[in-house]
Amino acid sequence: MQKKIAAINDLSGLGKCSLYADISIASAMGIEVCSLPSAILTSQTGYRDYCCTDFTYQISTYTEKWSNLGLSFQGILSGFLASSDAADEVCEFLERFHSKETLYLCDPVLGDNGNCFFTLGERQTAAMRKLAARADILTPNLTEFCLLYQASYEELLRQTAGDTEALAQELLSIYRHARSAEAVSATDDRSSTDEAQTVIVTGIPSLNRSTGEKEMVNLILNQTGIIGRSSTRRHGAEVSEQGTSYSGTGDLFAAVVLCDLLRGRKIEDAVRLATAFLSHSVADTVREGTDRNGGIHFETHLSMLLPEAVPPTRPGDLL
């Protein structure tokens, strides 16, 4: 039977992100997508001129109608939310549809390069923390990790001074402390307060000390420790001097990971596949000189995600 996910994200006319990414990836990987738009935008917010129509008021309608139809999902993915109220509505959606048989991935779209996105604020961050606490899989970038767990981005980078291993241990310590506090304050069993939650901190700039090449590292951790990592060489213009990545890369990464997990693969394998897929796509984008707001040229690489194309895990791919 074909597996099905609910994708709660915005629909942007330009930028190759959010629902465009979710639908493209899941379809290529043989998984049905039920789309729930959290907002509709003329373009993603990196463009200087855009219009955003908030669909928060419709989330409860989708929840009710889908529940009345008796729908169930093997996976749920949530991404960009236009308001803090939307997070509350998504919590209600999870009450109806998130069960032990359903894998929930939260991509907490909050910021980048040490800053919260200008359209969001502390109220939105606090609301996103509620969703993050309930996620089975959480995929923040380094900035979003710091916002969620109230750590100083600048201090973290200063203390670790480019040492990826030191950074990994600091992130693990911050995460364990935060999750312990959540466990103490939890009033019900709906938060994923045990080691079952997995966090993938994405797109960490690093330097390979053996080769001298710049890399992007993804760290996989849970309460037990650092359980894996993947890295890929950074292409010349993959990240600007300001550290801003291409539009949609986080959405694509999250969708590949969730869908690969639903195909029965291990988290380490899913992260490696997502990393390889993005690396090939970004390389093409850099060669063509595409503006970051336009997103990456991933469409020609979707064949990498077909079940028969997925490579086996090789020793050393994840250290």
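The values are calculated or read from the model by the stated rules, or taken from the named source; none is laboratory data. Just so you know, these numbers come straight off a predicted model, no measurement behind them. Cβ sites come from the backbone with ideal geometry, for glycine too, and all protein chains shown count toward neighbours.
Can you tell me which residue among 61, 45 is at pLDDT 95 or above and among the hydroxyl-bearing types (Ser, Thr, Tyr)?
Unique residue meeting the criteria: 61.
Looking only at segment 131-164, which residues are crowded, with 18+ Cβ neighbours inside 10 Å and either among the β-branched types (Val, Ile, Thr) or on the phi > 0 side of the Ramachandran plot (or both)?
Passing the criteria: 137, 139, 143, 164.
Suppose we filter segment 38-78 for residues that are among the aliphatic types (A, V, I, L, M) and either surrounded by fewer than 16 Cβ atoms within 10 Å (Cβ to Cβ) or closer than 18 Å to residue 254 by Cβ (or both); how many remain?
5
Which residues, counting only those in segment 89-128, are assigned to a loop (DSSP other than H, G, I, E, B), hydroxyl-bearing (Ser, Thr, Tyr) and more than 18 Å from residue 255 (Cα to Cα)?
99, 119
Cβ contacts < 9 Å: first residue at positive phi, restricted to segment 11-27; second residue among the aliphatic types (A, V, I, L, M) and in a helix (DSSP H, G or I), any location; separation 6+ or different chain. Result?
Note: pairs meeting the criteria are 16/252.
State the number of residues belonging to segment 106-130 that are more than 24 Å from residue 47 (Cβ to Cβ) and either buried (at least 24 other Cβ atoms within 10 Å of the Cβ) or modelled with pLDDT under 90 (or both).
3
Only one of these is among the charged types (D, E, K, R), at negative phi and modelled with pLDDT of 75 or more: 238, 308. Name it.
Just a single option satisfies the conditions, and that option is 308.
Quick one: residue 299 ticks every box in (1) surrounded by fewer than 22 Cβ atoms within 10 Å (Cβ to Cβ); (2) touching a strand residue (DSSP E or B) at 6+ places or on another chain (Cβ under 6 Å); (3) modelled with pLDDT of 90 or more; (4) charged (D, E, K, R) bar one, so which box is it?
(2)
Residue 251 fails exactly one of the following numbered conditions: (1) at pLDDT below 95; (2) part of a helix (DSSP H, G or I); (3) crowded, with 24+ Cβ neighbours inside 10 Å; (4) not hydrophobic (A, V, I, L, M, F, W, C). What is the number of that condition?
Failing condition for residue 251: (1).
For segment 22-33, check the following and say yes or no: at least one residue is in a loop (DSSP other than H, G, I, E, B) and surrounded by 20 or more Cβ atoms within 10 Å (Cβ to Cβ).
yes
If we keep just the residues of segment 45-88 that are of a type in the set (S, T, N, Q), touching a residue at least 12 places away in the same chain (Cβ under 8 Å) and not in a loop (DSSP other than H, G, I, E, B), which is farthest from residue 291 (Cα to Cα)?
67
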